[in-house]
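I have placed the structure first, in the form of structure tokens, so that the comments after it can refer back to it.
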Ligand code: 0PR
């Protein structure tokens, strides 16, 4: 019998700009056991469906919601699309729009395009957070949702969620929080971001980012059943007669892996990770500043700094997997796999290149 050739996946040693990370080992093992179960057909695959319920309950705990509705999505992109879709389906307008800060993830551009909703992006303030006056000016009677980001992709900033929620609800729109990246860090900070901090309607919160779960595991949470019902379509020939997810067949691995990671790490493990990640980001920002490099203060464990394009390219050549913000700054995401030693070695390469 011919054997399958084993390929070695890239290791994480020099990956500094990704929002994925090494999963918790037990979560990885658990994920493999559920690779063929399909939570998209919960009446047939009952075990994995139960696990999904438990995972949503735990996500609710993390996000400050007692009786959470929702499901495990493929990632933040799907959760954001679904939030916009639910808001559009519940609203009564022929010309729906959504309002989001320009710092919002590009998945909202996809959402607007596939759902035929107008995306109104508004400027951020000097601190890279949604400008409230600009949001107020952009909403109108056709606004179906306002989006705030709790942990932005480029600078790790947290939008003023309670104030945005007020603007959204005053306009008769839903409030969606994109905590895809920040959701597993923010419970250990003083930021106001969660269902407990403001009457938000829905949230994206991804176990496969800072939740240290295997990919794919995103989280879509809603305060009310109505939001999930607005997404349901009939599935006449399945054992389960309706489906609210965007994808059909889904990976049971995502569900089982996410639950295992959250059971292992919530809350003490995540708190310890957050502290280490933030300490690493503060260290890196301090080292950049000491070298006279303009650095954006890391509110969450994400450091942006101005580097000459030639230096950036030389670091890439040296094997570092790094990326840039839209305005060209180096961007380093201090995920759990990014160690102090790796950062020190990165700085040594930086010094060698700049000397
Ligand atoms: N919302 C926010 C705030 C995000 O940062 C991201 C992903 C998403 C939504 C979308 O999540 P999914 O990619 O799970 O659908 N931000 C990362 C980024 O664009 C995604 C990523 C992850 C990119 C790992 C590269 C990588 O190696 O940078």
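One residue is enough: does region 39-47 have a residue meeting the conditions within 16 Å of the ligand (Cβ to nearest atom), in the same structural domain as residue 229 (by TED's automatic domain parsing) and at pLDDT 95 or above?
Checking region 39-47: not a single residue is within 16 Å of the ligand (Cβ to nearest atom), in the same structural domain as residue 229 (by TED's automatic domain parsing) and at pLDDT 95 or above.
Do we have any residue at all in region 316-323 that's more than 22 Å from the chain's Cα centre (by Cα) and touching a residue at least 60 places away in the same chain (Cβ under 8 Å)?
Here is the first cut: in region 316-323, the residues more than 22 Å from the chain's Cα centre (by Cα) are 316-320.
If we keep only those that are touching a residue at least 60 places away in the same chain (Cβ under 8 Å) as well, we get 319-320.
The answer is yes; a qualifying residue exists.
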### Message
Looking at region 293-309, can you tell me whether even one residue there is within 15 Å of the ligand (Cβ to nearest atom), without any contact (Cβ under 8 Å) to a residue 12 or more places away in the chain and either farther than 30 Å from residue 35 by Cβ or in the same structural domain as residue 184 (by TED's automatic domain parsing) (or both)?
### Response
no
### Index of the failed condition, residue 133 passing every other in (1) in contact with a helix residue (DSSP H, G or I) (Cβ under 9 Å, 6 or more places away or on another chain); (2) without any contact (Cβ under 8 Å) to a residue 60 or more places away in the chain
(1)
### Query
Taking residue 13 and the conditions (1) within 16 Å of the ligand (Cβ to nearest atom); (2) surrounded by 18 or more Cβ atoms within 10 Å (Cβ to Cβ); (3) at pLDDT below 95, which numbered condition does it fall short on, given that it satisfies the others?
(2)
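Report yes if residue 299 is in contact with a helix residue (DSSP H, G or I) (Cβ under 8 Å, 6 or more places away or on another chain) and modelled with pLDDT of 95 or more, otherwise no. Working first, answer last.
Values: in contact with a helix residue (DSSP H, G or I) (Cβ under 8 Å, 6 or more places away or on another chain): no; modelled with pLDDT of 95 or more: yes.
Against the criterion (in contact with a helix residue (DSSP H, G or I) (Cβ under 8 Å, 6 or more places away or on another chain) and modelled with pLDDT of 95 or more), residue 299 does not qualify.
Going by the conditions given, is residue 36 away from the ligand (no atom under 16 Å from the Cβ) and assigned to a loop (DSSP other than H, G, I, E, B)?
For residue 36, the condition - away from the ligand (no atom under 16 Å from the Cβ) and assigned to a loop (DSSP other than H, G, I, E, B) - is met.
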### Query
If only one of 190, 224, 142, 170 is within 30 Å of residue 38 (Cβ to Cβ), away from the ligand (no atom under 16 Å from the Cβ) and more than 16 Å from the chain's Cα centre (by Cα), which one is it?
224
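Would you say residue 284 is in contact with a strand residue (DSSP E or B) (Cβ under 6 Å, 6 or more places away or on another chain) and not assigned by TED's automatic domain parsing to the domain that holds residue 128? Spell out the reasoning first.
Details: in contact with a strand residue (DSSP E or B) (Cβ under 6 Å, 6 or more places away or on another chain): yes; not assigned by TED's automatic domain parsing to the domain that holds residue 128: yes.
In short, yes.
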### Message
Consider region 201-228. How many of its residues are more than 12 Å from residue 82 (Cβ to Cβ), surrounded by 24 or more Cβ atoms within 10 Å (Cβ to Cβ) and in contact with a helix residue (DSSP H, G or I) (Cβ under 6 Å, 6 or more places away or on another chain)?
### Response
9
### Message
Can you tell me how many residues within region 168-200 are over 19 Å from residue 274 (Cα atoms) and surrounded by fewer than 23 Cβ atoms within 10 Å (Cβ to Cβ)?
### Response
9
### Message
Filter region 74-92 down to the residues that are under 18 Å from residue 226 (Cα atoms) and either surrounded by fewer than 24 Cβ atoms within 10 Å (Cβ to Cβ) or in contact with a helix residue (DSSP H, G or I) (Cβ under 6 Å, 6 or more places away or on another chain) (or both) and list them by number.
### Response
80, 81, 84, 85, 86, 88, 89, 90, 91, 92
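Give the residue, chosen from 253, 261, that is crowded, with 18+ Cβ neighbours inside 10 Å, under 17 Å from residue 182 (Cβ atoms) and assigned by TED's automatic domain parsing to the domain that holds residue 70.
261
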### Qualifying positions in region 241-268 - within 15 Å of residue 29 (Cα to Cα) and assigned to a loop (DSSP other than H, G, I, E, B)
251
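Matching residues to (1) in a loop (DSSP other than H, G, I, E, B); (2) at pLDDT 95 or above; (3) within 16 Å of the chain's Cα centre (by Cα); (4) closer than 26 Å to residue 133 by Cα:
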site	(1), (2), (3), (4)
50	no, yes, no, no
78	no, yes, yes, no
88	no, yes, no, yes
95	yes, yes, no, yes
104	yes, yes, yes, yes
110	no, yes, yes, yes
### Summary
Residue hits (region 112-124; surrounded by fewer than 20 Cβ atoms within 10 Å (Cβ to Cβ) and in a loop (DSSP other than H, G, I, E, B)) are 116, 123
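The values are calculated or read from the model by the stated rules, or taken from the named source; none is laboratory data. All values reported here derive from a predicted model rather than from experimental measurement. Positions of Cβ are generated from backbone atoms using ideal geometry, with glycine treated the same way; all protein chains shown enter the neighbour counts.
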